[in-house]
1. Counting DSSP beta bridges with both partners in the chain, what percentage is antiparallel, nearest 5?
2. Fewest first, what order do PHE27, PHE182 take by the number of other Cβ atoms within 10 Å?
3. Normalise the Cα radius of gyration of the range 3-103 by 2.2 N^0.38 Å (N = residues in it) and let me know the number.
4. Round to the nearest 0.05 the FRET efficiency obtained for GLU121 and SER234 when R0 = 35 Å and r is the Cβ-Cβ distance.
5. Which length gain, in nm to one decimal place, applies between LYS262 and CYS176 when the Cα-Cα distance is subtracted from 0.36 nm times their residue separation?
6. Please compute the modelled spin-label separation between GLU141 and SER247, points set 7 Å along Cα→Cβ, answer in nm with one decimal.
7. To make sure I understand, if each residue's beta carbon is the centre and we count other beta carbons within 10 Å, what order do TYR60, TYR186 fall in, fewest to most?
8. Under a point-charge model restricted to the Cβ atoms of Lys and Arg (+1) and Asp and Glu (-1), what is the dipole moment magnitude of the chain relative to its Cα centre, in debye to the nearest 20?
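All of the numbers you see were taken from the coordinates with simple rules; none came from a lab. Small disclaimer: the values here were computed from a predicted structure and weren't measured. Here the Cβ positions follow ideal geometry from the backbone for every residue, glycine too, while neighbour counts run over all protein chains shown.
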Amino acid sequence: MLFGNYDLEKIVRKDHPLRKVAQVINFKHLANRFWRALKTLGRRGYGLEVGIKCVFLQFYYDLSDRQLEERLKDDISFRLFCGFNIEEATPDHTYFGRVRKLLGPDKVGKMFRMLVEKATEKEIMRQVFKFVDATAVKAKETTWEERDKALKDGEEKLNNSNVENYSADKDARFGCKGKNKFWFGYKKHVSVDMGSGLIDKIAVTPANVPDQDGFTLICPNEGMVFGDKAYCLSAAQTAMKARGCHSGAILKNNMKGKNKDKDRWLTGVRAPFEGIFSKDETRTRYRGLVKMQMQAFMEAIVFNVKRLLVIESPPLFVGA
């Protein structure tokens, strides 16, 4: 039998996760939103819809550019998802970098917000109770080499005031959470709709930005906000009041109005959502704050799509 007689629709199993993804999310609709960028990409004229699907697969399966190139060649489910038949040539690894550059954090951010808006419109997201938190994203495990260069230049030590002079990632900084957790990189600030478990806002800052300051970037526009003790501080509380939100943040022990019974209840309400970060990406894929924001948006899109499959969501873009 010739390859051309193979129908991928018949070969790929009916319950394959990527079939379910395609039923919930219309990638053509997302691509059409950016019609100005709908120019051909690559020598064989791959369109932006294919590019968006490829980048989605990369984050969905946590693949490098070269790994994605190989999977597209060999995996029939990847071919079906992206619209290639069994004989067609698929993109090489350089194509994916061009797609990411074309999209950038602005367009990827718009795609993320489109999904959130559609989920809200269909009342999958209720936008009433929100869980907020921040998590570390490491740019590098150790900075001994940078420290040695700083000391050689006469610096007393390597810290946030001089690390950009020695690090390949100029935007990364040293962060600290609690008494024992230190890292070099960034901090990801996340707001989760507690009714659906979907991420509705996400922002990235250098690691030295306090949680309460990062919260101003993800503060909901309404509802009640559940958070740990970092969100009972001034910047976060001011942002909540300005947006008309009710605070569900746990108070510090020395604060007026501290109620331990209430805090135990708040902790119990928050507990199921703490697991959102357990499978979260803890390493940077790229250098620089701008690319890190794009990474965060893509990870949030993938997280939300997986969550939509779990809750058996209807298609978000009917008739798109």
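1. 75
2. So the ranking, lowest neighbour count to highest, is PHE182, PHE27.
3. Working: Rg = 13.1 Å, N = 101, 2.2 N^0.38 = 12.7 Å.
Ratio of Cα Rg to 2.2 N^0.38 Å: 1.03.
4. The value I calculate is 0.50.
5. My answer for the length gained is 28.2 nm.
6. Here the answer is 4.0 nm between the modelled labels.
7. Least to most surrounded, the residues fall as TYR60, TYR186.
8. Values: 57 positive and 41 negative charges, 118 e Å.
Charge dipole of the chain: 560 debye, to the nearest 20.
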